[in-house]
1. Among the residues of the range 178-195 satisfying the criterion of being in contact with a Ser or Thr (Cβ under 6 Å, 6 or more places away or on another chain) and near the ligand (Cβ under 10 Å from one of its atoms), which is nearest to Phe125 (Cα to Cα)?
2. Look at Leu198 and say whether it is within 16 Å of the ligand (Cβ to nearest atom), surrounded by fewer than 16 Cβ atoms within 10 Å (Cβ to Cβ), over 15 Å from the mean Cα position of the chain (by Cα) and within 17 Å of Gly10 (Cβ to Cβ).
3. Is there any pair linking a residue in the range 179-196 that is in contact (Cβ under 8 Å) with a residue 24 or more places away in the chain and of a type in the set (D, E, K, R) to one that is in a strand (DSSP E or B) and within 9 Å of the ligand (Cβ to nearest atom), with Cβ under 7 Å and at least six apart or on different chains, and which?
4. Which strands (runs of 3 or more DSSP E) sit wholly inside the range 23-103 and have at least 2 residues that are at pLDDT 95 or above and closer than 23 Å to Ile164 by Cα?
5. In the list Phe72, Phe67, which residue meets the criterion of being crowded, with 16+ Cβ neighbours inside 10 Å and free of Cβ contacts under 8 Å to residues at least 12 places away in the same chain?
6. Please go through the range 206-235 and pick out each residue that is crowded, with 16+ Cβ neighbours inside 10 Å and within 23 Å of Asn309 (Cβ to Cβ).
7. Exactly one of these conditions fails for Val77: (1) without any contact (Cβ under 8 Å) to a residue 40 or more places away in the chain; (2) farther than 30 Å from Leu339 by Cα. Give me its number.
8. Of everything in the range 123-157, what is in a helix (DSSP H, G or I) and within 14 Å of Pro97 (Cβ to Cβ)? Give them in sequence order.
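The values are calculated or read from the model by the stated rules, or taken from the named source; none is laboratory data. Nothing here was measured: the structure is a model prediction, and the numbers come from that model. Virtual Cβ from ideal backbone geometry, glycine too; neighbours counted across all protein chains shown.
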Amino acid sequence: MGRKKIVVTGGAGYIGSHVAIALWQAGYEPIIIDNFSNSEHRIIDGIKSITGQDVVLHEGDCADQDFLIKVFEKEGVVVGAMHFAAFKAVGESFDKPLEYYHNNIGSLIFLIKAMQESQCRNLVFSSSATVYGEPDELPVTELSPQKLALSPYGNTKQICEKIIEDAAKSGMPLKSIALRYFNPIGAHPSALIGELPLGMPNNLVPVITQTAAGIREKLTVFGNDYDTPDKTCVRDYIDIMDLAEAHVDTLVYLERIKEDNCFDAINVGTGQGHSVAEVLEAFQRINNVKVNFVIGKRRFGDIAKLYANVKKAELVLGWKAKYTIEESLKNAWKWQLAL
Ligand code: UFG
């Protein structure tokens, strides 16, 4: 029997590419859709090298309904879809809100419609801890009240989750789980794939690796006057390999459950908070490399602390993070050197 096909939108992106490999290794066949707006073909080559297989790739835009429908028609029986194709830069979303709403919300609706036409029922949605806004209590659980999202990007994730929930409630055959990622870091241990930030990276770890590599002169630590033990912001950094495994476990779970329609959301983090200063120290120590940094002002929209309660992932999916932050930072550096 052939492998079960899983559509992976944004499969050439940072998270999608690692998930495509995890799917292959779990016995599925990833069908990648990507428009390469925030990736490069070398990532596809990396996936091929790691799996030792050719990759099915449909190059195109998920905000194009006809294109998506044609992909599903061409592929025949598709068991599930994982939706990563979206804009993801928090800061940019303030400058280009319409593009963010159009792309992130439009592509989800088109994907669900294409899935329905081809009787594909299982959807794993790439969501974010940003849906919690600034929570009152930590660690944040899936039942924590959703506050105002802090950016147009965050709004799109809240709205997309709601759209999936309403679609499932309407009775259409759709089983879906939104995985709410905390802060994904690291790279595949082979250093054949990893994050490829185009231009100035937004996230902490790519800025650290680029500074260590001499691409950037220094890292600015955004604020050291927060209400945290060392006064820098605390986040829950989850390794990309662990995150990829969580997607496979979610798919297996969706395939197993009996309901025809359902929606749920699950946190994917480690449950541990690490400060910016701790990440910086761990990176330098584990890789034996120096990172120039200065203390700067707070970044607009940052909250002091955010980390996950991850009991639901363990209970429902049987999934738990395995990588230490040191391992993740080691792999991130290895990837930067490979670049
Ligand atoms: N930081 C710096 N200097 C930098 C970059 C980041 O000090 O140059 C700090 C930030 O102030 C923050 C921490 O590093 O305290 C992490 O920042 P990131 O930008 O890496 O991550 P965020 O927590 O801001 O954002 C992440 C995801 C978003 C998501 C959000 C949800 O990137 O997609 O978590 O909480 F919306």
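1. Residue satisfying both the conditions and the ranking: Arg180.
2. yes
3. Close Cβ pairs satisfying both conditions: Arg180/Ser128.
4. Hits in the range 23-103: 28-34, 80-83.
5. On inspection, the qualifying residue turns out to be Phe67.
6. Tyr226, Thr228, Thr232, Cys233, Val234, Arg235 - these are the residues of the range 206-235 that are crowded, with 16+ Cβ neighbours inside 10 Å and within 23 Å of Asn309 (Cβ to Cβ).
7. Against the list (1) without any contact (Cβ under 8 Å) to a residue 40 or more places away in the chain; (2) farther than 30 Å from Leu339 by Cα, Val77 comes up short only on (1).
8. Pro152, Tyr153, Gly154, Asn155, Thr156, Lys157
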